[in-house]
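*Asks:* Below: one structure in structure tokens.
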Amino acid sequence: MAVITGASSGIGAALAQAYAERGWRLVLVGRRAAALDVVALACAQAQGLQFVDPARLRLLVQDLRDLQAWRAHAAQLLRDWGCPQVVVAAAGISHGVDLAHAQDLDAAADIMQVNWLAALGTLSPFIAPMCARGSGTLVGIASVAGVRGVPGHAAYSASKASLVRSLESLRVELRARGVRVVTISPGFVDTPMTAGNPFPMPFLVHPRRFARRALRAIDRGSRYVTIPWPMAVLSKLLHVLPRALWDRVVRRSGRKPRAAGTPRR
């Protein structure tokens with residue numbers, strides 16, 4: 001069984017369909033009921049069914065910022081279906097902020113809450129059960145935007161960098177208990193989240209192709225993987241690029257637009 005958040009679109013939806021093609025039982029979590037229903041039907045069809053079988057696929061409409069409600073749902077899931085083999089925290093939000101505007105501090109706080117705190121909250125209820133069983137995989141979807149600070153992304157870059165470091169801490173803590181922690185760092189994936197980007201997106205990858213590669217990394221228990229691989233090479237170079245050179249390069253790029261109601265995974 002796999003639990004996937006952010007499953008109503010984008011990366012989360014692609015991962016859900018990839019697991020469905022393998023015949024896994026799924027718990028799909030998202031904020032938008034209608035979109036989640038569409039993904040659920042696609043998953044059922046991937047398993048050769050014409051309808052959603054509630055014994056194989058459970059839908060949960062949930063805003064993961066409500067951590068108390070999520071813990072209650074997770075506890076019910078553990079009682080009903082037992083401990084999952086894989087939990088993927090794929091829910092996320094991305095839009096630009098301009099900290100010269102006081103109201104954008106609220107937007108920045110929301111980005112941090114969704115991309116960092118809610119991601120950790122997604123994984124938290126399953127840590128003790130997986131440790132008790134001695135197996136399981138916890139997966140966080142980070143971003144190459146967490147490698148360096150990007151103009152307009154003061155909050156998004158920080159949220160993904162924070163998630164990478166938190167997952168790294170968790171990985172070291174849990175390895176001896178038989179629980180693997182996998183950090184997947186996407187480059188540019190062709191989803192609603194990237195659709196409005198006003199700047200070039202090198203190595204843009206289709207969500208289904210991304211999902212196939214991500215599942216292979218999860219199967220291996222990879223500690224950290226960037227998809228696609230050319231972006232992995234580029235991100236390593238960016239990581240060591242001198243600050244003065246980075247500043248000169250990146251200031252020529254476009255900024256992520258400020259927006260309310262930006263699509264979330």
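*Asks:* About its Cα centre, how strong a charge dipole does the stretch 2-250 have in debye, to the nearest 20, once Lys and Arg get +1 and Asp and Glu get -1 at the Cβ?
*Replies:* On the way: 27 positive and 15 negative charges, 203 e Å.
For this selection, approximately 980 debye.
*Asks:* What number, rounded to the nearest 500 deg cm²/dmol, is the helix-based mean residue ellipticity at 222 nm of the chain, given -39500 (n - 2.57) per DSSP H run of at least four residues and division by all its residues?
*Replies:* On the way: 9 runs with 121 residues, N = 265.
That comes out to -14500 deg cm²/dmol.
*Asks:* Applying 1/(1 + (r/R0)^6) with R0 = 35 Å to the Cβ-Cβ distance of residue 258 and residue 85, what FRET efficiency is obtained, to the nearest 0.05? Write down the numbers at each step before the final one.
*Replies:* Working: r = 40 Å, r/R0 = 1.14.
Using R0 = 35 Å, I get an efficiency of 0.30.
*Asks:* Semi-axes of the equivalent ellipsoid of the stretch 76-203: what are they in whole Å, largest first, if each equals the square root of 5 times a C-alpha gyration tensor eigenvalue?
*Replies:* Values: eigenvalues 183, 45, 36 Å².
In descending order, the three semi-axes are 30, 15, 13 Å.
*Asks:* I've got another one for you. Specify the residue with the greatest mean-square fluctuation among 142, 74, 119, computed from a Gaussian network of the chain linking alpha-carbon atoms under 10 Å apart.
*Replies:* In this elastic network of the chain, the residue with the biggest mean-square fluctuation among 142, 74, 119 is 74.
*Asks:* Further question on the same structure: Which one, 151, 230, 207, has the greatest fluctuation when you compute a Gaussian network model over the chain with C-alpha springs under 10 angstrom?
*Replies:* Looking only at 151, 230, 207, the largest GNM fluctuation is found for 230.
*Asks:* Now a separate question. Could you give log10 I(q)/I(0) at q = 0.08, 0.13, 0.15 Å⁻¹ for the chain, computed by the Debye formula over C-alpha point scatterers of equal weight, without solvent?
*Replies:* -0.30, -0.82, -1.09
*Asks:* Quickly work out the residue 209-to-residue 69 label distance, labels modelled 7 Å from Cα along the C-beta direction, and quote it in nm with one decimal.
*Replies:* 3.7
*Asks:* If Rh is defined by the Kirkwood formula over all Cα pairs and Rg also comes from Cα, what ratio Rg/Rh do you get for the stretch 1-122? Could you put the intermediate results ahead of the total?
*Replies:* Numbers: Rg = 15.5 Å, Rh = 15.0 Å.
Here the Rg-to-Rh quotient is 1.03.
*Asks:* Just from the alpha-carbon atoms, what are the Rg and Dmax of the stretch 45-107 in angstroms?
*Replies:* Both quantities, over Cα of the stretch 45-107: 17.7, 53 Å.
*Asks:* Choose one answer from 20, 33, 90: the residue with the largest mean-square fluctuation in a GNM of the chain with alpha-carbon springs under 10 Å.
*Replies:* Fluctuation is largest for 33.
*Asks:* Once both axes come from the Cα atoms, what is the angle between helix 207-220 and the longest principal axis of the chain, in degrees from 0 to 90, rounded to 10?
*Replies:* Helix 207-220 and the main axis of the chain meet at about 70 degrees.
*Asks:* Run the numbers for residue 56 and residue 220: contour at 0.36 nm per residue of separation, minus the present Cα-Cα distance, in nm.
*Replies:* Details: separation 164, 0.36 × 164 = 59.04 nm, distance 2.45 nm.
So the extension gain works out to 56.6 nm.
Values quoted throughout were computed directly from the atomic coordinates according to the rules given, and no laboratory measurement underlies them. Since we're looking at a predicted model, the values are computed, not measured. Cβ sites come from the backbone with ideal geometry, for glycine too, and all protein chains shown count toward neighbours.
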